Number of protein chains: 4
Amino acid sequence: MQDVRPLPHYLIQRYHGWRATTYAENAAWYRRLAGEGQHPRAMVIACCDSRVDVAQIFGADSGELFIHRNVANLVPPYDPDGDYHGTSAAVEYAVTALKVAHLVVLGHSNCGGVKGCHDMCEGHAPELEASTSFVGRWMDILRPGYKRVKEAGPADPLRALENEAVLTSLENLMTFPFVRDAVAEGVLSLHGCWNDIGHGGLEHYDRKEGTFVPV
Amino acid sequence: MQDVRPLPHYLIQRYHGWRATTYAENAAWYRRLAGEGQHPRAMVIACCDSRVDVAQIFGADSGELFIHRNVANLVPPYDPDGDYHGTSAAVEYAVTALKVAHLVVLGHSNCGGVKGCHDMCEGHAPELEASTSFVGRWMDILRPGYKRVKEAGPADPLRALENEAVLTSLENLMTFPFVRDAVAEGVLSLHGCWNDIGHGGLEHYDRKEGTFVPV
Amino acid sequence: MQDVRPLPHYLIQRYHGWRATTYAENAAWYRRLAGEGQHPRAMVIACCDSRVDVAQIFGADSGELFIHRNVANLVPPYDPDGDYHGTSAAVEYAVTALKVAHLVVLGHSNCGGVKGCHDMCEGHAPELEASTSFVGRWMDILRPGYKRVKEAGPADPLRALENEAVLTSLENLMTFPFVRDAVAEGVLSLHGCWNDIGHGGLEHYDRKEGTFVPV
Amino acid sequence: MQDVRPLPHYLIQRYHGWRATTYAENAAWYRRLAGEGQHPRAMVIACCDSRVDVAQIFGADSGELFIHRNVANLVPPYDPDGDYHGTSAAVEYAVTALKVAHLVVLGHSNCGGVKGCHDMCEGHAPELEASTSFVGRWMDILRPGYKRVKEAGPADPLRALENEAVLTSLENLMTFPFVRDAVAEGVLSLHGCWNDIGHGGLEHYDRKEGTFVPV
């Protein structure tokens, strides 16, 4: 491991700050969390975007939210082909081992992954169409969403595609047998929401309205 | 989307708390982040575990850390087979599009994914060996690490395997051409660390010592 | 007071959320409650259990319910021996000073205190029989209820003992002269109910049926 | 149980409202709480006063806070005399069985119990001095606090006595061997705070300042 370097100094300094304040004030809780294991109530699937702080938005304390973050908060369809599936593994662990009660897909405004998908589907991003592009192939999950947006022709197609990223993930979640069964048994519920980064807004999907509405 | 429900009330109430405090105090910054896009300095690859709060440990402000979280903070080897690769897509986006300067793999104590891998490799978790187990197949990434631990025979094999999860990910990161190139050019550095949940400790990999040492 | 620490950060953040939403929307009411004093219509005696949220179940607004919570929602018999009696003091204050119209004893399913009493009475919890065990001595209040359950031999003895915890408390309430007098004058009524945590059920005692029935 | 009546209709109607909304949206969580038992992070000792909604102020979800409420949020000194001690039983259960990480004593403004204690100590409430007064004997716990206030001669003696109610409880908590031991081991921390009902304020005890300061 000749290429591994020590942590940058600024991260070490901040860690010591956290250790001396938040950790020190909550040491008993951290020890208990270590001893008893985690019992999170919800899993949140969010984007890796540095501007989306899931734990803060949902006022979450250590131990409350099992958080998976990937590009554009996507869930691929069920496909047990024996290969590596990081997102599917996270969902399986949350639902079958941790038995979370809620699965929340959190999208957001200004999403670079969604914009890349839009550019690619419009033919403006040939580099993403290359078979070797991991981002391009990952965003293929959202192609059906792109088609729906194209047909609907909304005023703000990027915003519409961000919503589709949430809805597509929710649809794909229901293709997993263990998700479908838990929902049918009433021990798991699915939720979709979208965060407006600039305005600090939060909307969630309302199935009666068939659209996203402010919470 | 008949199965999608409104957000649980307690999350909505907490969101309003965040909106009225953290967001309100930093609205100018959030608006600028929305307008200018993100420019995170580092990417962190961490576990989904609800007890690991990456942003808090590293004192990160909105916009600072591009965070990918999956089960056991693993990175699979480079394999551009045209399939969905969420982790590889996140790394590609961080390194080639966002041009982060640091790639930090953050492991942690009491990791359920690592323990599952250990049980599976010891033959005590047949359900994880099933070809349909997403968690089992995902943890296959760590099998080479298990073999190294088995040969070394350390006093605490789970702790050793948690360290191997970090080192295996770092090794696999170097199999990605765009990571290797960025490291060679000196525009990207790799870092490995491990968080002790109960004691609030943080160790990082020291290449001279060939082991993890407290920061 | 060298051992007292500041409030944990997560509670402070949530408090600010409450301040900015619920309090802000109802400031006039809170100010009036502070100025005029409380005039609650009912007192509820419930368990400390974190899963029983009295105010939510009864849709109570600030100022409506005077709430005493102790282990297993028990009321000891009348015994003015000059010692500290927290439960008796709460009942006395509610009935003679606040003149509440209703006294509601609320039991619940999965009650750890009731289970402890059952184990103790069956001889399976010697640590609760120690004279220094506060929980054991407190649960002695329910020993007569245990005997009735033992004689009746119901299919679900724990559920039956949870009901007895409510009935024993109601019986003991009637040993207080000021309770008995207020009931006789028709200015106070007693009520017993039981909450099924998992199913969200609520049953109340029906004196005609001599048992608990769903509301 | 001839004196027990059905629940008042208005409470039944509100219960159905809760069942149809909050419960329905969170049924999976309630079922899991019933199945797995409670794991509350903190115990709160608060007043029965109908104007203090502990769960709301601390944004608590079902399962988060073990709540004991008595008149004036008092804890008596350690005294294992084999008698009924509701408050001591609740503290013992929280610390030794549930292993909560935080013990929060929450006082409040306009406290009728504290005012009664003040009147009694000043000789203006002879009815509370009767040996048969449960409220009077319960408020005896606060007599040492009254003496300290009297000596200090603050501008607002009632407010000062409300603070003393919190501090006296914290001092008495430290007379319990199992509390003292858990604090010494670093697995339990004590906190004192005070809620201004009319203004929605919250102050906590700052040991450096030796007084209560806004959070």
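The values are calculated or read from the model by the stated rules, or taken from the named source; none is laboratory data. Owing to the predicted nature of the structure, the values given are computational and were not obtained by experimental measurement. Ideal geometry is used to build each Cβ from the backbone, glycine not excepted, and the neighbour counts take in all protein chains shown.
The table below gives the values:
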| read-out | value |
| --- | --- |
| Hey, A:Glu64 more than 23 Å from A:Leu142 (Cβ to Cβ), more than 8 Å from chain B (Cβ to nearest Cβ) and of a type in the set (Asp, Glu) or not | no |
| Residues satisfying the stated conditions in segment D:202-215, i.e. of a type outside the set (Asp, Glu), more than 8 Å from chain C (Cβ to nearest Cβ) and in a strand (DSSP E or B) | D:Thr211, D:Phe212, D:Val213, D:Pro214 |
| Any hit, segment C:105-127, residues being more than 30 Å from D:Ala28 (Cα to Cα), of a type in the set (Val, Ile, Thr), surrounded by 24 or more Cβ atoms within 10 Å (Cβ to Cβ) and not assigned by TED's automatic domain parsing to the domain that holds C:Tyr30 | no |
| Those residues of segment C:165-194 which are farther than 15 Å from C:Leu74 by Cα and outside any loop (DSSP other than H, G, I, E, B), in sequence order | C:Pro177, C:Phe178, C:Val179, C:Arg180, C:Asp181, C:Ala182, C:Val183, C:Ala184, C:Ser189 |
| Selection status of D:Arg31, among the basic types (Lys, Arg), within 24 Å of A:Gly186 (Cα to Cα), surrounded by fewer than 19 Cβ atoms within 10 Å (Cβ to Cβ) and at the interface with chain C (Cβ under 7 Å from one of its Cβ atoms) | no |
| When residues of segment D:15-28 are limited to those that are at pLDDT 90 or above and in contact with a helix residue (DSSP H, G or I) (Cβ under 8 Å, 6 or more places away or on another chain), the one farthest from B:Tyr10 (Cα to Cα) | D:Tyr15 |
| First in segment C:143-166 and under 14 Å from C:Lys115 (Cα atoms), second anywhere and part of a helix (DSSP H, G or I) and of a type in the set (S, T, N, Q), Cβ under 6 Å, 6 or more apart | C:Gly145/C:Thr168 |
| Qualifying positions in segment B:201-215 - more than 19 Å from B:Val114 (Cα to Cα) and either exposed (fewer than 14 other Cβ atoms within 10 Å of the Cβ) or touching a Lys or Arg at 6+ places or on another chain (Cβ under 9 Å) (or both) | B:Arg207, B:Lys208, B:Glu209, B:Gly210, B:Val213, B:Pro214 |
| Segment A:85-100: number of residues that are more than 15 Å from B:Ala90 (Cβ to Cβ), crowded, with 24+ Cβ neighbours inside 10 Å and hydrophobic (A, V, I, L, M, F, W, C) | 3 |
| Answer residue from segment C:128-158, given it is within 30 Å of D:Phe176 (Cα to Cα) and in contact with a His (Cβ under 8 Å, 6 or more places away or on another chain) and is surrounded by the fewest Cβ atoms within 10 Å (Cβ to Cβ) among those | C:Arg137 |
| D:Ala101 being at pLDDT below 95 and assigned by TED's automatic domain parsing to the domain that holds D:Asn73 | yes |
| Residues within segment D:66-79 that are surrounded by 23 or more Cβ atoms within 10 Å (Cβ to Cβ) and aromatic (Phe, Trp, Tyr), tallied | 1 |
| So D:Arg69, is it facing chain C (nearest Cβ under 8 Å), of a type in the set (Lys, Arg) and within 30 Å of D:Val166 (Cα to Cα) | yes |
| Residue count, segment A:171-195 (criterion: surrounded by fewer than 20 Cβ atoms within 10 Å (Cβ to Cβ) and closer than 20 Å to A:Leu142 by Cα) | 3 |
| Candidates D:Gly63, D:Gly59, D:Gly82, filtered to the one that is assigned by TED's automatic domain parsing to the domain that holds D:Leu173, modelled with pLDDT under 90 and crowded, with 23+ Cβ neighbours inside 10 Å | D:Gly59 |
| Single match in C:Ala72, C:Ala90, C:Ala101 (criterion: more than 30 Å from C:Tyr30 (Cα to Cα) and either charged (D, E, K, R) or touching a residue at least 24 places away in the same chain (Cβ under 8 Å) (or both)) | C:Ala72 |
| Residues within segment A:75-84 that are within 11 Å of A:Phe176 (Cβ to Cβ), free of Cβ contacts under 8 Å to residues at least 24 places away in the same chain and either more than 7 Å from chain B (Cβ to nearest Cβ) or under 15 Å from the mean Cα position of the chain (by Cα) (or both), tallied | 1 |
| Strands (runs of 3 or more DSSP E) contained in segment D:29-123 and holding at least 1 residues among the small types (Gly, Ala, Ser) and in contact with a helix residue (DSSP H, G or I) (Cβ under 9 Å, 6 or more places away or on another chain) | D:42-47, D:102-108 |
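Residue-wise test of (1) within 8 Å of chain C (Cβ to nearest Cβ); (2) buried (at least 17 other Cβ atoms within 10 Å of the Cβ); (3) over 13 Å from the mean Cα position of the chain (by Cα).
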site: D:Leu7; (1), (2), (3): yes, yes, yes
site: D:Leu11; (1), (2), (3): yes, yes, yes
site: D:Trp18; (1), (2), (3): yes, yes, yes
site: D:Tyr23; (1), (2), (3): yes, yes, yes
site: D:Gly37; (1), (2), (3): yes, no, yes
site: D:Cys47; (1), (2), (3): no, yes, no
site: D:Val54; (1), (2), (3): no, yes, no
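For (1) more than 29 Å from A:Glu127 (Cα to Cα); (2) of a type in the set (A, V, I, L, M); (3) within 19 Å of the chain's Cα centre (by Cα); (4) more than 8 Å from every other protein chain (Cβ to nearest Cβ), each residue gets a yes or a no:
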{"residue": "A:Pro144", "(1), (2), (3), (4)": "no, no, yes, yes"}
{"residue": "A:Lys150", "(1), (2), (3), (4)": "no, no, no, yes"}
{"residue": "A:Leu161", "(1), (2), (3), (4)": "no, yes, yes, yes"}
{"residue": "A:Ser169", "(1), (2), (3), (4)": "no, no, yes, yes"}
{"residue": "A:His191", "(1), (2), (3), (4)": "yes, no, yes, no"}
